[in-house]
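Peer 1: Shown below is the structure under consideration.
The values are calculated or read from the model by the stated rules, or taken from the named source; none is laboratory data. Just so we're clear, the structure is a prediction, and the values are computed from it rather than from any experiment. Cβ atoms come from the backbone with ideal geometry, glycine included; neighbour counts cover every protein chain shown. These accessible areas exclude ligands, DNA and RNA; they are computed on the full protein's heavy atoms, side chains included. Shrake-Rupley method; radii C 1.70, N 1.55, O 1.52, S 1.80 Å.
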Amino acid sequence: MISPTLPAELKAALDAKLIGFSRTDAAQRAGRISNTYRAGGGSGTIKSDADALAYALARMPATYAAVAASLNALTEIAPELAPESLLDVGAGPGTASWAAAEAFASLQSFTLLDANRTLSSLALELAQDSRRLADCRYLPGDAGTNLAEAAPADLVVASYVIGELSEHDQRALGKAMWAKARHALVVIEPGTPAGYARILALRQQLIASGAHVAAPCPHDKPCPLTAPDWCHFAQRLPRSQAHRQLKGAEVPFEDEKFIYVALTRAPVPARFSRVLAEPDIGKAEITAKLCTEEGVELAKVPRRDKAAYAGARRWRWGHAVMAES
């Protein structure tokens, strides 16, 4: 399992870029960019080096944490997976590539793809002194056009990108990414009802194309949740002083809400139930909402069953648990 915090090399590279950079200006730029994304826009508003750096300072920590959690879930379910090549679709400043490098020591080649040249330039600058990512290859151009020219990779990752596309383009991108994935595809989106809907549509599309769900679902069946409920998770990460200043925040942490799907070519060897919300730890029992192979159930673990109770006390939102638990 990898940590949700930025690796030391990346943090040092970002800190070096901060020298002489106005925190006030960065906060204003980051705010404008965030507002654009919330309004349904994309990365086109990131036009200058200052914009790219402000975006990276504001969003890389949370995006990294969500990708790290998603890759942790994949490696927990498929521990034998040892990809040697990565294709990072909609890579932006390279966040997912950094997380994949931490998650898989086996990775030897990194190919990043994004249409925003300013973000791609920043990604290459941040990686230039990295022992793992210094030789990464960055392909310019949007994923819909240039993905066809990219070589297949053992692992394909797309984080916070499909939401920028139309429904038709989302399907086309899903098909193209799956065609490039030799072993696994991981897609991460914001943990909103809309983000869940996009992941659900992609999941259904690729299962029909022969994909197997490794995580978070314990099955390849239709999602058993019904509106207004939706599947999503939360990853807590610490905020540095600079990060708090940039976001105008006082608390020393933030909780990134996200949803993901990890798909594999081969079926996974074991199925695990998934904790869908933070368990309720009571005096007499622990109650947890689980997604199981048979559907959603409310598991109740009585305190008198000491062994099971002790195990259930370690359950957290998003955790995989043995089906018999």
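Peer 1: Has the range 8-25 got at least one residue that is modelled with pLDDT under 75 and not charged (D, E, K, R)?
Peer 2: Among the residues of the range 8-25, at least one is modelled with pLDDT under 75 and not charged (D, E, K, R), which makes the answer yes.
Peer 1: Looking only at residues in the range 138-173 that are charged (D, E, K, R) and open to solvent by 60 Å² or more (accessible area, probe 1.4 Å), which one is nearest to Leu202 (Cα to Cα)?
Peer 2: Arg171
Here is a yes/no grid of residues against (1) farther than 23 Å from Thr292 by Cβ; (2) touching an Asp or Glu at 6+ places or on another chain (Cβ under 9 Å); (3) modelled with pLDDT under 95; (4) hydroxyl-bearing (Ser, Thr, Tyr):
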site: Arg171; (1), (2), (3), (4): yes, no, no, no
site: Gln204; (1), (2), (3), (4): no, no, no, no
site: Gly210; (1), (2), (3), (4): yes, no, no, no
site: Pro222; (1), (2), (3), (4): no, no, no, no
site: Gly248; (1), (2), (3), (4): yes, no, yes, no
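One line per residue, one yes/no per condition, for (1) of a type outside the set (Lys, Arg); (2) out of contact with any helix residue (DSSP H, G or I) (no Cβ under 9 Å at 6 or more places or on another chain):
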residue: Arg59; (1), (2): no, no
residue: Ala73; (1), (2): yes, yes
residue: Glu76; (1), (2): yes, yes
residue: Gly90; (1), (2): yes, no
residue: Pro93; (1), (2): yes, no
residue: Ser97; (1), (2): yes, no
residue: Ala105; (1), (2): yes, yes
residue: Gln108; (1), (2): yes, yes
residue: Leu113; (1), (2): yes, no
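Peer 1: Among the residues of the range 211-238 satisfying the criterion of being open to solvent by less than 40 Å² (accessible area, probe 1.4 Å) and over 20 Å from Val296 (Cα atoms), which is nearest to the chain's Cα centre (by Cα)?
Peer 2: Leu237
This table checks each residue for (1) among the acidic types (Asp, Glu); (2) at pLDDT 95 or above; (3) part of a loop (DSSP other than H, G, I, E, B).
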site	(1), (2), (3)
Ala54	no, no, no
Pro61	no, no, no
Val67	no, yes, no
Glu76	yes, yes, no
Asp88	yes, yes, no
Ala99	no, yes, no
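Peer 1: Here is a list of conditions, (1) closer than 30 Å to Leu18 by Cα; (2) free of Cβ contacts under 8 Å to residues at least 12 places away in the same chain, and Gly282 meets all of them except one; can you say which number that is?
Peer 2: (1)
Peer 1: When the range 180-200 is examined, which residues are found to be more than 15 Å from Gly90 (Cβ to Cβ), open to solvent by 30 Å² or more (accessible area, probe 1.4 Å) and assigned to a strand (DSSP E or B)?
Peer 2: Across the range 180-200, the qualifying residues are Arg182, His183.
Peer 1: For the range 6-26, how many residues are open to solvent by less than 60 Å² (accessible area, probe 1.4 Å) and closer than 27 Å to Leu81 by Cβ?
Peer 2: 3
Residue by residue, here is whether (1) farther than 24 Å from Leu113 by Cβ; (2) part of a loop (DSSP other than H, G, I, E, B) holds:
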site	(1), (2)
Leu173	no, no
Gly210	no, yes
Pro218	yes, yes
Pro222	yes, yes
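Peer 1: Which pairs turn up if I take residues in the range 6-30 that are over 21 Å from Ala65 (Cα atoms) and look for partners that are open to solvent by 80 Å² or more (accessible area, probe 1.4 Å) and modelled with pLDDT of 90 or more with beta carbon separation below 6 Å, at least 6 apart in sequence or on another chain?
Peer 2: none
Peer 1: Moving on. Using beta carbons and a limit of 7 Å, which pairs, at least six apart or on different chains, have the first residue in the range 109-124 and over 19 Å from Ala50 (Cβ atoms) and part of a helix (DSSP H, G or I) and the second one open to solvent by less than 10 Å² (accessible area, probe 1.4 Å) and modelled with pLDDT of 95 or more?
Peer 2: none
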